[in-house]
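Have a look at the structure below before the remarks.
Bear in mind that the values in this text are calculations on the coordinates, not laboratory data. Just so it is clear, the structure is predicted and the values come from calculations on it, not from any experiment. Cβ placement follows ideal geometry from the backbone for every residue including glycine, while neighbour counts extend to all protein chains displayed.
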Amino acid sequence: MNAKAPINNRPEIPVREPGLRPSAEVPRHFHGGDPFLSAFFAALSSVFPDGERFFIDSVRHYRKELRDPELIRQVRAFIGQEAHHGREHETFNEWLEEKGYPMAPVISQVRQGLEAARENLSPRHQLAMTISLEHFTAIMANRFLQDPQLSRQLHPEIRELFLWHAVEETEHKAVAYDVYEAVEGDYWTRVLVMLEITVFFWMHMMQITWDFLKHEGNAGILRMARGLGWLWVRPGPLRKLLPEYLAWFMPGFHPWQQDNRELIEPLQRRMAEWELPARGEAAD
């Protein structure tokens, strides 16, 4: 692994507003006609809007304690990107509802769970939750960008949404972590919270996926087994995340020890036209 990357050697964090709502012609089973994989991607989207707002709040809580001007600037850009992620996935979730996915009860459950976390957990614990989930989104984004088997069967309109999201999760993957370190977050808290988040997140994702399949009459042990086999065995994109996931537990871990800037540069150039004026980067 590379040494911890200096903050000024990391990518810029431009705020973009792509407007990527799928058209009505995109089919319900938008991942190669596969009900399981389409439900799995819909499950991911269901947690994004309220999850992104939780991330923003947990980082913003510590903003006045930060002393590094560059980190303060990156926090403002992080907030801008995450706000747009929430809005774009709200729009996508509305489209999914129109296609027959029961999004409303799932979103309500996610919102209630995060409200309970805000009320019952310390700001430090909430920030540890954020950096743990940001690690998940960063390593999943990296796999999505690296592995064409994950994206090539997606309908092009939906592929564009997830590519944009993956690029921005890569650009800002260290911001919340740097805030955690700046406010002296400790090693054992981030390790224990990651273990907690790992169990909760994946159980929740599988439950939502099952509920979506059940709603449309496509649930079944065989279908779930095939879907889980695709995710974990062959081609196994989630299994391939394990080395990056386990790196989290090293005492000297930092997100930019995996320097994957070259992976996003061609997409950044293509997405440059979506960038907002500079003042938008400070929107919070």
Could you state the number of Å between the C-alpha centres of the stretch 188-236 and the stretch 88-150? 14 Å
Which residue, chosen from LEU96, GLN81, VAL106, occupies the Cα position most advanced towards the positive end of the dipole of the stretch 78-118, where the dipole is computed from +1 (Lys, Arg) and -1 (Asp, Glu) charges on Cβ about the Cα centre? VAL106
Which ordering of ARG143, ARG21 is given by a fewest-first count of other beta-carbon atoms within 10 Å? ARG21, ARG143
Would you be so kind as to identify all helices of the chain, as entire DSSP H runs, whose Cα atoms reach 27 Å or more along the helix's own axis and whose mean Kyte-Doolittle hydropathy is at least 1.0? none
As I understand it, the dipole of the stretch 1-111 uses +1 on the Cβ of Lys and Arg and -1 on the Cβ of Asp and Glu, about the Cα centre. Which of LEU71, VAL26, LEU44 lies farthest toward its positive end? LEU71
Of the residues ILE158, ILE56, TRP274, the Cα lying farthest along the dipole of the stretch 32-274 towards its positive end, which is defined by charges on the beta carbon of Lys, Arg, Asp and Glu, belongs to ILE158
How would LEU150, LEU195 line up from fewest to most surrounding beta-carbon atoms within 10 angstrom? LEU195, LEU150
Rounded to the nearest 500 deg cm²/dmol, what is the calculated helix-only ellipticity per residue at 222 nm for the chain, with -39500 (n - 2.57) per DSSP H run of length n ≥ 4? -21500 deg cm²/dmol
With charges only on Cβ, +1 for K and R and -1 for D and E, what is the dipole size of the stretch 1-97 about its Cα centre, in debye, rounded to 20? 520 debye
With all distinct Cα pairs included, what does the Kirkwood hydrodynamic radius of the stretch 1-91 come out to in Å, to one decimal, could you say? 15.7 Å
Kindly provide the pair-distance distribution of the chain built from C-alpha pairs, with 10 Å bins from 0 and whole-percent values in order of increasing distance. 6, 29, 38, 22, 5, 0
Most exposed first by the Cβ proxy, i.e. fewest other Cβ within 10 Å, how do SER45, SER38 rank? SER45, SER38
Using the Cα centre as the reference, give the magnitude of the dipole from point charges on the C-beta atoms of the chain (Lys, Arg: +1; Asp, Glu: -1; all else neutral), rounded to the nearest 20 debye. 580 debye
Sequence-distant residues sharing a close amide H with ARG16 (under 5 Å, placed H): LEU276
